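Here is the structure we will look at, set down as structure tokens.
The values are calculated or read from the model by the stated rules, or taken from the named source; none is laboratory data. Note that the structure is predicted; figures quoted are calculated from it, not measured. Ideal geometry is used to build each Cβ from the backbone, glycine not excepted, and the neighbour counts take in all protein chains shown. Only protein heavy atoms, including side chains, enter the accessible area calculation; ligands, DNA and RNA are left aside. Shrake-Rupley method; radii C 1.70, N 1.55, O 1.52, S 1.80 Å.
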Amino acid sequence: MIQTNGHHSCNGTLKSHSEQKQQESNSMKNGYHRTEKVQKNGKGDGFHQPRVRGEDSFEEAPMYVAVLTYMGYGIVILFGYFRDFLRAVGLEKCHQAREREEQKDFVPLYQDFENFYKRNLYMRVRDNWNRPICSLPGPAFDIMERVSDDYNWSFRLTGKTIENVINMGSYNYLGFAENNVDFLKTVAEETRDYGVGVCSSRQELGNLSIHEKLERLVAEFLGVESAMAFGMGFATNSMNIPALVGKGCLILSDELNHTSLILGARLSGATIRVFKHNNMQSLEKMLKEAICSGQPRTHRAWKKILIMVEGIYSMEGSLVRLPEIIALKKKYKAYLYLDEAHSIGAVGPTGRGVIEHFGVDPKEIDVLMGTFTKSFGAAGGYIAGKKELVDYLRSHSHSAVYATAMSPPVVEQIVRAIKCIMGVDGTTEDLDKPPMGVITGVMCSSVEGQRRVRQLAENTRYFRSQLKEMGFIIYGNQDSPVVPLLLYLPGKVGAFSRAMLKRKIGVVVVGFPATPITEARARFCVSAAHTREMLDKVLQSLDELGDDIRVKFSRHRRSYRPELYDETDFELDS
């Protein structure tokens, strides 16, 4: 659990006063303030000044768009039932899995409404997903051409390749998904020394020196006492949350949290309550109720109250309201679990996530989580925070005890990326050198990482501002590299993706049930590796396509969604 010693306090502090003073001393020794290398690419005298958060954009579409969206789904569902009738009478071939005749009296495994949605709605647009890529997924990639002869039930490859497709869908925020020989020299060396697989868990024979090196580097990078690395980002959430909370605990979860957080909360056995997205009044109301009423039936105090939020929400592109949440956490003595999967490396003056973006002390966050799969171009995740927290997870986390240790070349790729961002590789270069787009040809210099961070911020603001000027409705914060572009109508989702691919631009489209039924969208992920020419080509294609299929719905009217944001009765730290 988060409380790992004998000092128990319902929703209170973890330590006695004397222990807390000693801990603060250790934190100064091992954490953000003392280590000079952490600040090499930033300010050397404490934390960065907090930046203005900027308002998240959730513009409301015209009413007719919602009406047409519901009508579109209704028509498709009606045709779906009609086609099911044709399949039942044998007039149309059924391609999907069906119950065997001898098991017709058993509870069906396949025939349910979810299957109905898949065979009658998803199959119409299935060609827009799972496209086979046959090159490095960098700022541009190659896609294997495929066609379907049975209305997307199956595909066959034509043998042709669609080359140089601009990649606007991968989470390659800092451009570290690369295959430059000079950049990957240390990764190749580690592969020669350790091989590719470990074939054991960390607790048995899989604890290599490079794993410990990575964890020390992550703790130094984040400015915390300790960190632990895991081989899978999804499992970092789903397998560690059950180790931190359990029966008798309360989880307050943002309504737009990622599936991995939701699964971890459900597996924990704790009581889960969901508050409105980024709505501090909704969160405070639940905190008050939890403190006043306690557990259902018994009304005993909750053992722990854990607030779970993300740094950048992957479907909305919005930033967490971190200072306000920390103020509420302190006021009601709750714990805070922050998932920085999309924000670490992608925001903050030196790429240290939303904590740096808001100028927050890392010690204010009880559990820091992040992944290496996005900004660092690798795989896996981490949990970071106080030393006793990490030590507890080493013996109680299912992912730590049972999962195979991270692959050595993957570990070295993460180390290489973090060192590049921190600027501790030992070389020098002119800081005023203009930012680069596709970065090739030289070893990652002491300023290359910061150049990428600045380039990502520049690309993000440019891309977002241009889309707004064109009249598209986009969600999220101006500093978020995740850019959802709202399409709404189900018929336009497939048409948009196919038309963009014809223009050699790869995009990700998302619809119900991954989003609300009236908010289907295309999600763009901006990268530091995108050149201005690439972005201009994408923007030009979007401008043309937006007029062709009529998806420029913006009227620059604020949505009802960010309700009551500014009505607070708690104070922020000065």
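Annotations
- Entries in Lys213/Lys374; Lys330/Lys468; Lys492/Lys537; Lys502/Lys552; Lys247/Lys288 that, when Cα-Cα distance is taken, lie over 30 Å: Lys330/Lys468
- Heavy-atom accessible area per residue - the stretch 212-354, 1.4 Å, Å²: 31 Å²
- Accessible area per residue in Å² at 1.4 Å probe, computed on the stretch 447-549: 30 Å²
- Inter-part distance, the stretch 308-345 to the stretch 387-413, computed on C-alpha centroids, equals 23 Å.
- In the stretch 447-549, the portion of solvent-accessible area held by carbon and sulfur atoms comes to 53 percent [1.4 Å probe, whole percent, DNA, RNA and ligands not counted].
- For the stretch 181-422, a crude dipole built from +1 on the beta carbon of Lys and Arg and -1 on the beta carbon of Asp and Glu, taken about the Cα centre, is about 980 debye to the nearest 20.
- Overall form of the stretch 270-378 per C-alpha gyration tensor (a/c, 1.5; a/b vs b/c): prolate
- Computing FRET efficiency as 1/(1 + (r/R0)^6) for Tyr122 and Lys468, where r is the C-beta to C-beta distance and R0 is 30 Å, gives about 0.45.
- Label-point separation in nm, Lys331 to Arg266, each point 7 Å along Cα→Cβ: 3.2 nm
- Prolate/oblate/rounded label for the stretch 181-422 (Cα gyration tensor, a/c 1.5): prolate
- Shape category assigned to the stretch 447-549 from the gyration tensor of Cα positions, a/c cut at 1.5: prolate
- Carbon and sulfur %, accessible surface of the stretch 277-335 computed with the full protein complex present, 1.4 Å: 54 percent
- Packing-based ranking, highest mean first, of 533-543, 192-202, 163-173 given that Cβ atoms within 10 Å are counted: 163-173, 533-543, 192-202
- Relative packing of peptides 309-315, 385-391, 327-333 - highest average C-beta neighbours within 10 Å first: 309-315, 385-391, 327-333
- Protection-proxy order for peptides 89-95, 481-487, 404-410, each taking the mean of Cβ atoms within 10 Å per residue, highest first: 481-487, 404-410, 89-95
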